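Notes follow the structure.
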Amino acid sequence: MRIGVPQDTTARETRVALAPGEARTLAGQGHEIVVEHGAGERASHPDAAYVSAGARVGTRAEAFGADVLTRAQAVDVLSSQSAVAGYRAALIAAARIDKLLPMMTTAAGTIPPARVLALGAGVAGL
């Protein structure tokens, strides 16, 4: 199968959809990798790294003419920051609570765990 790696032309995009290490793995499995000239430059992957990995550097038309195209997924800033905020909220709550979160059994007895209710349907509430 021919796998094409076109250069991303989105403003300020520095990622590439396929790194040379993954290109080596796919080429080792018998796939033909066609990387557009300069596709990995902004991600610090020169064309020579792809060639040494077993890929072929070609034109944009050659990359788009492949059976399968790779692309980098756009980053959803809200989701990634929501995940950070959810984990941070749990840590802040754990630091401020007077009880222990896990139940602990020691020689002095058992300390019951704190009961916590997390409200929300996002990352913090799961």
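None of the figures in this text is laboratory data; all of them are computed from the coordinates on show. Note that this is a predicted model, so its numbers are computed, not measured. Here the Cβ positions follow ideal geometry from the backbone for every residue, glycine too, while neighbour counts run over all protein chains shown.
So here's what we get for this one:
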| item | result |
| --- | --- |
| Per-peptide average of other Cβ atoms within 10 Å, ordering 38-44, 25-31, 75-81, 2-8 highest first | 2-8, 38-44, 25-31, 75-81 |
| Share of pairwise Cα separations in the range 2-69, more than 17 Å, in percent | 31 |
| Net dipole in debye of the range 36-111 [+1 Lys, Arg Cβ; -1 Asp, Glu Cβ; about Cα centre; nearest 20] | 380 |
| Relative contact order [Cα under 8 Å, 6+ residues apart], the chain, whole percent | 24 |
| Positive-end residue of 104, 16, 54, charge dipole of the chain with Cβ unit charges | 104 |
| Set of the range 1-23 residues, backbone N closer than 13 Å to the point 7 Å along the Cα-Cβ line of residue 56 | 1-5 |
| Acute angle (nearest 10 degrees) that the helix 77-96 long axis makes with the longest principal axis of the chain, alpha-carbon atoms | 20 |
| Mean separation of Cα contacts under 8 Å, 6 or more apart, over the residue count of the range 2-69: relative contact order % | 45 |
| Residue 22-residue 42 FRET efficiency (beta carbon distance; Förster radius 25 Å; 0.05 resolution) | 0.90 |
| For residue 57, distant residues with modelled amide H under 5 Å away | 35 |
| Matching label, volume of the Cα convex hull per residue in Å³ computed from the structure shown, candidates (i) 97; (ii) 136; (iii) 195 | (iii) |
| Ascending count of other beta-carbon atoms within 10 Å, so fewest first, for 67, 47 | 67, 47 |
